[in-house]
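The values are calculated or read from the model by the stated rules, or taken from the named source; none is laboratory data. Here the structure is a predicted model, which means the values were calculated and not measured. No Cβ is skipped: glycine too gets one built from the backbone with ideal geometry, and neighbour counts run over all protein chains shown.
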Amino acid sequence: MTREEALALVREFVKNENLVRHMLAVEAGMAAYANKYGGDEERWRVVGLLHDFDWEIHPTAAEHPSKGAVILRQRGVDEEVVRAVLSHAPHSGVSRDSLMEKALFAIDELTGLITTTALVRPSKKIADVKVKSIKNKWKDKTFAAKVSRQEITDASEALGVDLWLEHVPLVLKAMQDIAKDLGL
């Protein structure tokens with residue numbers, strides 16, 4: 001599946017623009033990690049785009065992303081991509097073994113924290129967000145309370161990158177590079 005086909009699938013299933021922006025943010029982070037690790041950038045992008053494509057129609061842990069995986073398989077999506085999509089959900093029971101799977105899990109929650117940090121800035125612009133800003137918000141457990149700091153920490157460790165020196169800066173930069181697409 002190409003990036004364009006993945007985006008068309010997202011547009012077919014997702015009407016909430018904030019959810020689309022989330023998937024674009026994860027896609028950008030996945031592209032950055034593909035480049036860092038020498039992965040197939042388009043494949044990693046597709047995984048980032050598709051990871052939550054079924055959330056609107058299957059918003060429960062009992063259904064997401066397992067029902068989405070069925071749809072992807074019906075559409076002929078490569079099993080490596082389907083497995084990565086499944087692996088991003090801890091409740092799926094699919095382990096994260098590849099760098100691509102680990103990156104997806106590491107990026108997913110972090111994009112929410114970065115976006116929320118941008119939205120509370122006076123300018124509401126991601127360009128004004130610094131790693132230090134995110135670190136300050138990180139310490140406040142009431143800020144973006146649904147974002148699991150433990151999952152982000154564990155995921156960056158599993159990926160083999162330092163949270164504050166590598167992971168947060170890489171994902172922040174990737175998101176800043178597509179600020180217009182994110183509405184930030």
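In table form, for the structure just shown:
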read-out	value
Selected residue (criterion: nearest to residue 177 (Cα to Cα)) from residues of the stretch 122-153 that are outside any helix (DSSP H, G or I) and touching a Ser or Thr at 6+ places or on another chain (Cβ under 9 Å)	129
Selected residue (only one of 85, 47, 94, 81 is farther than 23 Å from residue 150 by Cα and not acidic (Asp, Glu))	81
Criterion (at pLDDT below 95, at negative phi, over 16 Å from the mean Cα position of the chain (by Cα) and surrounded by 12 or more Cβ atoms within 10 Å (Cβ to Cβ)) met by exactly one of 120, 94, 131	94
Enumeration of residues in the stretch 16-28 that are within 18 Å of residue 65 (Cβ to Cβ) and of a type outside the set (S, T, N, Q)	19, 20, 22, 23, 24, 25, 26, 27
Subset tally (residues that are of a type outside the set (A, V, I, L, M) and in contact (Cβ under 8 Å) with a residue 40 or more places away in the chain) for the stretch 91-116	8
Tally, over the stretch 49-70, of residues that are surrounded by fewer than 19 Cβ atoms within 10 Å (Cβ to Cβ) and in contact with a Phe, Trp or Tyr (Cβ under 9 Å, 6 or more places away or on another chain)	2
Close pairs from the stretch 135-153: first farther than 19 Å from residue 107 by Cβ, partner surrounded by 15 or more Cβ atoms within 10 Å (Cβ to Cβ), Cβ under 8 Å, at least 6 apart	141/149; 143/116; 143/137
Members of the stretch 16-48 that are surrounded by fewer than 16 Cβ atoms within 10 Å (Cβ to Cβ) and within 20 Å of residue 75 (Cα to Cα)	42
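One line per residue, one yes/no per condition, for (1) among the polar types (S, T, N, Q); (2) at pLDDT 95 or above; (3) outside any loop (DSSP other than H, G, I, E, B); (4) within 20 Å of residue 102 (Cβ to Cβ):
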residue	(1), (2), (3), (4)
29	no, yes, yes, yes
45	no, yes, yes, yes
53	no, yes, no, no
58	no, no, no, no
62	no, no, no, no
69	no, yes, yes, yes
85	no, yes, yes, yes
